[in-house]
1. Give me the angle, in degrees from 0 to 90, between the Cα long axis of helix 104-127 and the longest principal axis of the Cα atoms of the chain, rounded to the nearest 10.
2. May I ask you to compute the full-extension gain from Lys248 to Glu105, defined as 0.36 nm times their residue separation minus their alpha-carbon distance, rounded to one decimal in nm?
3. What is the distance in Å between the Cα centroid of segment 181-230 and that of segment 1-39?
4. Cα-Cα pairs above 24 Å in segment 3-171: how many percent?
5. Segment 44-121: which trypsin sites (Lys or Arg not before Pro) are DSSP loop and have at most 15 other beta-carbon atoms within 10 angstrom?
6. Which value in nm describes the separation of the simple spin-label points at Met225 and Gln98, placed 7 Å from the Cα toward the beta carbon?
7. Loop-only GluC sites (Glu not before Pro) in segment 153-211, please: DSSP not H, G, I, E or B, and at most 15 other Cβ atoms within 10 Å.
8. With unit charges on the beta carbons (Lys and Arg positive, Asp and Glu negative) and the dipole taken about the Cα centre of segment 178-229, which residue among Trp221, Val193, His183 sits farthest to the positive side?
Amino acid sequence: MNSVIETILNHRSIRKFEEKLLADEQIKVLVESAQAASTSSYIQAYSIIGVKDKVKKKQLAELAGNQSYVAENGHFFVFCADLYRHQLISELHDKPSQPVLESTEKYMVAVIDATLAAQNAVLAAESMGLGAVYIGGLRNQLQEVSNILKTPKYVLPLFGVAVGYPAQKPDKKQRLPLEHVYHEDEYEQDKNVYIDQLKDYDDFISAYYHKRTGGQRSDTWTGQMADLLSRPARMYMKEFIEDKGFNKK
């Protein structure tokens with residue numbers, strides 16, 4: 001096993017950071033690492049907004065559900081699906097682009113490009129001894145987030161990434177078993193096999209929580225997911241995404 005794989009397998013979300021800002025050179029390396037990620041057809045359909053302003057970070061923290069580590073970190077990045085530059089390119093070359101820019105396919109390309117870039121940045125950060133956590137809570141109130149970041153049409157903030165010097169070392173959460181995630185040649189067709197795998201995972205996660213909390217918690221993963229999926233959230237998203245010019249066709 002090499003050091004890259006060790007870094008990947010040692011991943012854990014860090015939600016408490018030392019009061020130490022990243023240097024500009026560190027930020028540059030992380031952005032360059034993000035840019036080195038694969039991109040569909042060389043489109044590079046994303047942008048990264050680094051937030052240094054303390055007031056804006058505090059505002060974003062509140063919008064994300066009062067998550068303190070959005071404001072208190074070494075640096076805060078916001079990854080955006082971005083087709084704005086491609087609209088400008090079309091105008092520059094006097095070629096029509098609206099049907100393509102507003103297609104579901106290009107929306108997926110932009111989201112995938114941004115996500116690949118973000119994961120590269122996080123891996124680079126962890127290889128440098130830094131910690132990171134993804135912030136999906138920005139999607140709680142995307143209009144307000146867009147207003148703060150002044151994102152134009154065809155630019156959609158997707159999630160944040162807080163990066164910094166770890167001030168904690170949380171336990172690593174065990175992922176789903178490999179055989180539940182990895183299928184060969186075709187998707188698992190036996191529903192009962194699938195359910196048995198979920199039950200085994202529930203037993204494992206329940207024991208993990210029981211040990212971690214000294215018996216105060218023993219909930220299961222499927223129980224968590226069932227509760228999560230029973231509570232509608234961010235149901236405005238389709239309308240907001242289309243208003244930004246994405247996923248309309």
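No value in this document is a laboratory result; all are computed from the given coordinates. No experiment lies behind these values; they were computed from the predicted model shown. No Cβ is skipped: glycine too gets one built from the backbone with ideal geometry, and neighbour counts run over all protein chains shown.
1. Helix 104-127 sits roughly 60 degrees off the main axis of the chain.
2. 50.5 nm
3. 29
4. Within segment 3-171, distances greater than 24 Å cover 37 percent of Cα pairs.
5. Counting only loop positions with at most 15 other Cβ atoms within 10 Å, the trypsin sites (Lys or Arg not before Pro) in segment 44-121 are Lys52.
6. 4.2
7. Glu184, Glu186, Glu188
8. Most positive-ward Cα: Trp221.
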